[in-house]
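The values are calculated or read from the model by the stated rules, or taken from the named source; none is laboratory data. All figures in this text were calculated on a predicted structure; none of them were measured in a lab. Calculation scope for accessible area: heavy atoms of the full protein, side chains included, ligands and nucleic acids excluded. Shrake-Rupley method; radii C 1.70, N 1.55, O 1.52, S 1.80 Å.
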Amino acid sequence: MPSTLFTEPPNWRWLIILYFFIGGLAGGSYLVATMLHLVGRPTDRPLARLGYLIAFPAVVVCGILLIADLGRPERFWHMLLQSATWRPMLKTYSPMSLGAWVLLVFGGFAFLSFVGALARETTSRRGLARLRPPSVLGTLVSLLGAIAGFFLVSYTGVLLAVTNRPIWSDTSLLGAVFLVSSASTSVALLLLLGSRRTFFVGGLRALARFDTVVLVLELIALIALVVSLGSLARWWLNAWGALLAFGVVGLGILVPLLLHSRARTPLSLAARTAAILVLIGGFVLRVVIVLSSEAI
């Protein structure tokens, strides 16, 4: 029997589940937007701007959720500054401390890209438009923001792994699962929102193909996660197997894959339904991972 079964739970509930989900959307949308801007076609740039417009509001919500979850919300700044010296509070050995700084740094780059995405190619706002690619400054901002976004979507799995709780600490694959799931849900959100505008069609087709690949990778990552749990996997699947199988694998992965294969265009009802199901599956995945360990 794993020793992690005899540890106290951190009492994380819906605020943290929402943070994991929305944080994945924030970092994932930024990563996808940067990819579209840097390696996509010029016709993909409006869709990339949509990703930047999603990332900043989402990361603001993440900060609010984390502050609300604290026992003393008014003391949130102690995560970033030392109260006695006002020097930065950075504990490199603590994933929670690193996560707070990653959230802050990513929020800064997301804000710059958000402003750049709002700016139009007009004389009065041409300077702000340089905050997005293909300008040199915009490219630098996007690359640095994408690095911070990558850490944001993957560090949550590392954070769970160091809590010494059952399931979370019994596998090293939570970071990979969260990363792939964040990519699939972010692409799904862009597909869903972008389907309301016909001039996004070119970029949406590429994203739909990319989402198919990511969903397959997510399925492989989930199977690897279950295998890595060893004897604990049987208990996990007995208690939460139905929700994981039907809510995540079935509705969140297999059905969207089938709908993607049958959708003629990214604007079709099948494509939109697939995007909605992927988002639901990504949320249910975080519910299962967080609450299954908390319930022990």
So which residues in segment 210-246 are open to solvent by less than 40 Å² (accessible area, probe 1.4 Å) and of a type in the set (F, W, Y), if there are any at all?
W236
Considering each residue of segment 113-144, count those that are open to solvent by 60 Å² or more (accessible area, probe 1.4 Å) and at pLDDT below 75, and give that number.
6
Counting only residues that are at pLDDT 90 or above, give me the helices (runs of 4 or more DSSP H) lying completely in segment 183-285 with at least 2 of them.
201-228, 255-262
